Amino acid sequence: MPVLRKGKKEEANILDIDASMQGNLVFKDPVTLRIQGKFEGKLETKGILIIGENAEVKAEIVSEEMVIAGKVNGMLIATQELRIIPPAKVKAEIKTPLLHIERGAIFNGVCQMPLETVNSKSVLSLEEMANYLSVDIASLTSWAEQGKIPAFKERDVWKFEKAKVDEWIASGKLS
């Protein structure tokens with residue numbers, strides 16, 4: 001199954017998995033990983049993950065790019081792009097800045113498409129910012145509503161640009 005990438009050469013490191021596997025896998029170097037069999041667990045990879053037509057996957061997955069043609073159930077984080085192609089059947093929570101679902105592929109679940117890439121973390125959610133500042137969510141919400149902290153709403157949800165909040169802290173406006 002070819003992956004077309006404009007202006008990029010296909011990764012030289014290709015790993016095909018055509019077996020049943022269970023566990024946690026982490027690939028620290030960029031690789032093109034193809035899963036043709038069954039996989040259950042957690043998977044983190046740099047580069048491209050291809051889940052073939054006959055694959056059955058139940059996993060939490062983090063990858064830069066994903067192409068899914070098989071059956072997938074789980075949590076999928078693609079920091080650059082996720083493509084679902086026929087005959088894929090995907091039941092998942094997805095986080096990616098770019099999602100393609102081709103006609104004939106099936107997707108059931110939810111998708112969050114952040115303005116920034118998922119890995120960049122330059123834009124934080126209410127919960128992430130509350131943890132970052134070590135304050136309770138109610139106080140942070142109140143500050144955002146009153147304009148006391150740099151924040152913006154995206155689909156009725158408060159978001160915070162980390163760099164602007166860091167500047168706000170440095171200016172001494174934090175009470």
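Observations on the model:
- Single residue of segment 69-91 satisfying the filter (of a type in the set (Lys, Arg) and over 14 Å from the mean Cα position of the chain (by Cα)) that is surrounded by the fewest Cβ atoms within 10 Å (Cβ to Cβ): 91
- One residue from 113, 66 being within 30 Å of residue 169 (Cα to Cα) and either touching a Leu at 6+ places or on another chain (Cβ under 8 Å) or buried (at least 21 other Cβ atoms within 10 Å of the Cβ) (or both): 113
- Where a residue in segment 135-163 is closer than 23 Å to residue 112 by Cβ and surrounded by 10 or more Cβ atoms within 10 Å (Cβ to Cβ) and its partner, wherever it lies, is modelled with pLDDT of 90 or more and basic (Lys, Arg), with Cβ under 6 Å and at least six apart: 152/159
- Pairs where the first residue, in segment 76-100, is part of a loop (DSSP other than H, G, I, E, B) and the second is of a type in the set (Phe, Trp, Tyr), C-beta under 6 Å, 6+ apart: none
- In segment 35-63, the residues that are surrounded by 18 or more Cβ atoms within 10 Å (Cβ to Cβ), in contact with a Ser or Thr (Cβ under 6 Å, 6 or more places away or on another chain) and assigned to a loop (DSSP other than H, G, I, E, B): none
- Filtering segment 18-49 to residues that are of a type in the set (A, V, I, L, M, F, W, C) and either closer than 14 Å to residue 80 by Cβ or not assigned by TED's automatic domain parsing to the domain that holds residue 97 (or both) leaves 48, 49.
- Every test in (1) part of a strand (DSSP E or B); (2) over 20 Å from the mean Cα position of the chain (by Cα) is passed by residue 159 save one, and that test is (2).
- Pair list, Cβ < 7 Å and 6+ apart or interchain, from segment 52-64 residues that are among the hydroxyl-bearing types (Ser, Thr, Tyr) to residues that are buried (at least 21 other Cβ atoms within 10 Å of the Cβ): 63/45; 63/49; 63/78
The values are calculated or read from the model by the stated rules, or taken from the named source; none is laboratory data. Just so it is clear, the structure is predicted and the values come from calculations on it, not from any experiment. Glycine also receives a Cβ, built like all others from the backbone with ideal geometry; neighbour counts cover every protein chain displayed.
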